[in-house]
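Here's the structure we're looking at; comments come further down.
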Amino acid sequence: MSRWRPAQPVWPGSIDTRPVARKGLFMTLRSSLFAAIAASAVLLALAVTPVVLAQSPASKQMPGVSFTTPEGVAPSEDPYEWMLQPAYRKDLNKQMLSVTRAQDGPLRATAGFWPARAAIETYFDMGPNYAYVALIHSDALYLNYGRLFLTGRPGVFYDPINHVPYDTPSLEGFSLSPDGRILAVTVGDGGTEIATVQFIDMKTGEVQDMEAGPVVVGGDTGFSWVDAKTGVFRRAATTDLVDGDPSVGAEWTLFDLTTGTQGASVFGEGATGVETEYGDWFGFWVPRDSEVAMGYLWRGNFIDAYAADITEVRAGTPVWREVGAEYQLSDVEVYQGQYIMTASFGPGQSGIFARPVEGGPVRQVASGGRDVNYLYTIALGDVAYIAARRGDTHALFRLTPELELQPVELPFEGEIDFDSFFTVEGEEGSVTFDMSAPGQPWQLLRLDADGPAYPYTVIGVSRRDDLSSIADVEHLTEFAKSADGTQVPLSITARAGQAGTPAPTIIHAYGSYGETTMAGWDPAALAWVSLGGVQAECHVRGSGYYGPGWHADGSGPDKRHSHEDMVACAERMVELGYSEPGKIAALGGSAGGLIAGPVALKRPDLFGAAIVEFGVVNPLRSLDGPNGATQIDEFGDPRLPEDAALMAGSDSVELARTAETLPGMFLCVGFQDSRVPHWMSARLAAVMAERGAGDKVVIHADADAGHSCGFYAEDQRDALAKQFAWLLDRFGD
């Protein structure tokens with residue numbers, strides 16, 4: 001698969017729904033202690049609803065948010081301009097951590113925190129104890145809680161804490177060399193997206209005395225194999241997040257494993273034949289059994305794709321040629337001597353196209369549209385698959401050598417993890433991958449050269465879980481009528497029979513980049529439902545639920561459609577009897593902050609609170625952030641007066657200055673975030689405090705976290721428990 005795309009976070013965002021916690025020795029000891037406490041509280045968590053909802057609010061004792069201007073700050077029309085300046089970043093971080101510490105105790109003292117924490121532990125620990133399983137003949141290599149294990153070998157195969165000098169190492173992923181002899185592992189530095197690649201001899205298990213880096217990761221491991229002795233890594237442009245985004249200006253650089261030295265830059269700014277713009281995200285991929293390498297520029301929801309001869313790449317002198325310039329591409333792979341392109345063309349249309357690598361006419365393989373949106377090609381040597389999205393579920397098609405599509409029978413409808421595809425070493429034509437559904441934890445599936453996909457058990461890796469506690473949880477789809485009459489899909493998770501009995505409700509929306517929150521395993525939603533709440537997903541325009549046209553109707557500087565859709569979803573939840581006005585929380589992470597914050601500020605009568613996780617809440621100042629330039633195509637350009645006027649309607653900082661009523665706001669951030677600067681949330685909190693609503697704001701800041709609410713799994717779960725406890729406290733009778 002072309003692992004070119006930088007990760008665009010979708011809910012739950014800060015919480016990894018698969019157990020890939022990044023945990024060092026200290027956290028291992030801490031989690032063992034907590035497990036003893038949580039074990040005795042699980043039964044309480046599942047039966048606590050009447051108690052939790054009847055508690056008197058503890059918000060009266062909640063310390064309010066306030067900020068002090070540091071000494072030496074020059075006077076400005078904007079009293080919080082100093083928050084953007086690197087010179088005062090330490091002052092800002094110190095104050096945000098101080099607020100977090102002051103509010104932590106009262107939140108944990110609410111009646112809902114420990115039941116919520118125990119419920120979260122229960123549901124997040126369901127499912128497989130693996131991630132990214134590579135089958136190597138009779139053994140399985142898998143990632144579990146930040147360490148690598150190899151079945152058939154006792155103990156830990158690789159623990160990054162023993163091999164890198166980072167205080168908080170995180171294992172981002174791994175890949176085998178084409179001959180299967182060397183394993184490349186990418187280890188991140190804390191919550192940042194800056195990492196190092198180490199190399200392990202698969203025969204001996206020894207870590208080699210060489211490393212590549214600094215590497216930028218995000219959506220992929222930042223390392224790609226060219227051949228058994230040559231790799232390419234995405235070299236970071238900077239390692240200081242205060243100075244800028246390490247991905248801007250990053251270049252893919254050769255690495256020689258025989259000498260342990262880096263070579264020439266082969267793809268990036270200045271690459272021969274490539275037209276780049278400031279803020280482009282560079283991806284690189286060598287398709288299996290191919291004589292060409294692929295380079296990608298990510299811009300918004302689409303890519304520009306380039307190809308170069310593999311011999312030129314090895315020599316460090318590639319000449320790149322663009323592929324599929326006439327389409328809006330979502331992916332390009334090489335299969336059977338053809339460029340296989342998934343692309344958009346025309347209003348709301350998607351399709352699959354093929355063009356011979358050696359040149360020739362384009363052939364349309366299949367046409368998609370509103371109901372079937374083709375996304376990716378997964379080419380693995382002799383076999384290839386096409387991934388598609390149908391609403392909020394995935395479909396998979398086998399691509400024959402004659403380039404015909406054959407539907408693959410899946411064991412259930414749900415979400416596929418497309419980065420989990422691995423070939424089965426020693427068995428040509430077989431692959432494994434992960435899939436889940438709302439009532440089905442992530443499961444390892446196997447797919448052979450023909451036939452349906454089927455559950456695959458690996459001794460020492462797979463496990464079964466008791467799902468009886470969610471037997472009465474239902475997942476259904478309704479539709480909400482937006483302001484212009486558009487029918488907006490609304491996915492609901494609730495106890496059977498909940499309709500007619502209003503309960504505290506969380507409605508999530510993301511609504512950017514054409515990304516869709518899929519119908520997969522969501523332990524956060526299940527934990528919330530177990531506490532008596534209702535969870536819903538509003539598939540607003542801006543997402544990809546109905547393909548490119550649905551995305552286009554909610555992208556750009558005017559997010560009016562996204563906001564109207566979110567309001568319609570909330571009103572529909574009230575109409576169906578799941579919710580009541582004022583006891584609905586709008587939830588959005590990252591780009592979802594363009595929806596959650598504004599709808600709560602515009603309709604506080606409907607949304608009594610907003611939870612914004614590492615969110616874009618100040619888009620008018622987005623270009624002051626390290627990653628701002630890459631967002632122009634999706635959010636608009638605040639330098640243009642016509643864009644700025646529209647973007648103001650999605651800017652929570654500006655809306656909070658004039659809103660008649662200010663709702664509750666839970667803001668969580670990570671200081672190592674290179675995608676959305678945490679000063680955005682600080683500015684929103686400061687404006688609300690200035691208007692006398694500091695006691696309505698909660699800040700959860702994590703010094704080690706990147707684009708998340710916490711670095712370690714326990715910290716992420718604590719953040720979620722605080723959100724739940726805060727909502728139950730606010731919405732309680």
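The values are calculated or read from the model by the stated rules, or taken from the named source; none is laboratory data. Because the structure is predicted, anything quoted here is derived from the model rather than measured. Every residue, glycine among them, receives a Cβ derived from its backbone with ideal geometry; neighbour counts consider all protein chains shown.
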Open item on the list: If I ask for residues that are of a type in the set (S, T, N, Q) and at pLDDT 90 or above, which ones from segment 155-174 would you list?
Closed with: 162
Open item on the list: Which count do you get for residues in segment 548-560 that are part of a loop (DSSP other than H, G, I, E, B) and either crowded, with 24+ Cβ neighbours inside 10 Å or outside the structural domain of residue 645 (by TED's automatic domain parsing) (or both)?
Closed with: 3
TODO: State yes or no: is residue 643 among the charged types (D, E, K, R), modelled with pLDDT of 95 or more, over 23 Å from residue 67 (Cβ atoms) and touching a Lys or Arg at 6+ places or on another chain (Cβ under 8 Å)?
DONE: no
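For every residue, the table says whether it meets (1) farther than 30 Å from residue 255 by Cβ; (2) part of a loop (DSSP other than H, G, I, E, B); (3) among the polar types (S, T, N, Q).
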position: 314; (1), (2), (3): no, no, no
position: 317; (1), (2), (3): no, yes, yes
position: 378; (1), (2), (3): no, no, no
position: 402; (1), (2), (3): yes, yes, no
TODO: For residue 165, work out the one condition from (1) over 28 Å from residue 381 (Cα atoms); (2) surrounded by 21 or more Cβ atoms within 10 Å (Cβ to Cβ) it doesn't fulfil.
DONE: (2)
Open item on the list: Just to check your reading of the model, which residue among 272, 186 is surrounded by 21 or more Cβ atoms within 10 Å (Cβ to Cβ) and either under 28 Å from residue 332 (Cβ atoms) or among the small types (Gly, Ala, Ser) (or both)?
Closed with: 186
Open item on the list: Restricting to segment 561-586, name every residue that is surrounded by fewer than 18 Cβ atoms within 10 Å (Cβ to Cβ) and in contact with a helix residue (DSSP H, G or I) (Cβ under 9 Å, 6 or more places away or on another chain).
Closed with: 580, 581, 582
Task: Pairs, first within 18 Å of residue 670 (Cβ to Cβ) in segment 68-96, second among the small types (Gly, Ala, Ser) and not in a helix (DSSP H, G or I), C-beta under 6 Å, six or more apart - done: 96/701
- [ ] Have a look at 564, 571, 580 and point out the one that is more than 23 Å from residue 641 (Cα to Cα), in a loop (DSSP other than H, G, I, E, B) and not basic (Lys, Arg).
- [x] 580
Open item on the list: Which numbered condition in (1) of a type outside the set (D, E, K, R); (2) farther than 29 Å from residue 542 by Cβ; (3) at pLDDT below 90 is the only one that residue 279 fails?
Closed with: (2)
Open item on the list: For segment 678-688, check the following and say yes or no: at least one residue is under 23 Å from residue 192 (Cβ atoms), of a type in the set (A, V, I, L, M, F, W, C), touching a Cys at 6+ places or on another chain (Cβ under 8 Å) and assigned by TED's automatic domain parsing to the domain that holds residue 564.
Closed with: no
Task: Of all residues in segment 483-499 being within 27 Å of the chain's Cα centre (by Cα) and surrounded by 19 or more Cβ atoms within 10 Å (Cβ to Cβ), the one that is nearest to residue 415 (Cα to Cα) - done: 491
Task: Selection from segment 103-145 of residues that are closer than 16 Å to residue 463 by Cα, of a type in the set (Ser, Thr, Tyr) and assigned to a loop (DSSP other than H, G, I, E, B) - done: 130, 145
TODO: Collect the residues in segment 475-532 that are part of a strand (DSSP E or B), farther than 26 Å from residue 717 by Cα and among the polar types (S, T, N, Q), keeping them in residue-number order.
DONE: 477, 487
TODO: Name, by its number, the condition in (1) free of Cβ contacts under 8 Å to residues at least 12 places away in the same chain; (2) under 26 Å from the mean Cα position of the chain (by Cα) that does not hold for residue 122.
DONE: (1)
Open item on the list: If I filter segment 676-696 down to residues being buried (at least 24 other Cβ atoms within 10 Å of the Cβ) and part of a loop (DSSP other than H, G, I, E, B), which single residue comes out as nearest to the chain's Cα centre (by Cα)?
Closed with: 676
Open item on the list: Take the residues in segment 131-151 that are of a type in the set (Ser, Thr, Tyr) and at positive phi; name whichever of them is nearest to the chain's Cα centre (by Cα).
Closed with: 132
Open item on the list: Please determine whether any residue of segment 433-444 is of a type in the set (Ser, Thr, Tyr), in a strand (DSSP E or B) and closer than 25 Å to residue 296 by Cβ.
Closed with: no
TODO: List every residue pair whose Cβ atoms lie under 8 Å apart, where the two residues are 6 or more positions apart in sequence or sit on different chains, the first residue falls within segment 200-221 and is farther than 23 Å from residue 285 by Cβ and in the same structural domain as residue 282 (by TED's automatic domain parsing), and the second residue, located anywhere, is modelled with pLDDT under 90 and of a type outside the set (Val, Ile, Thr).
DONE: 205/153
Open item on the list: Looking at (1) touching a residue at least 12 places away in the same chain (Cβ under 8 Å); (2) more than 30 Å from residue 578 (Cα to Cα); (3) part of a strand (DSSP E or B), which one does residue 449 not meet, given that it meets all the others?
Closed with: (3)
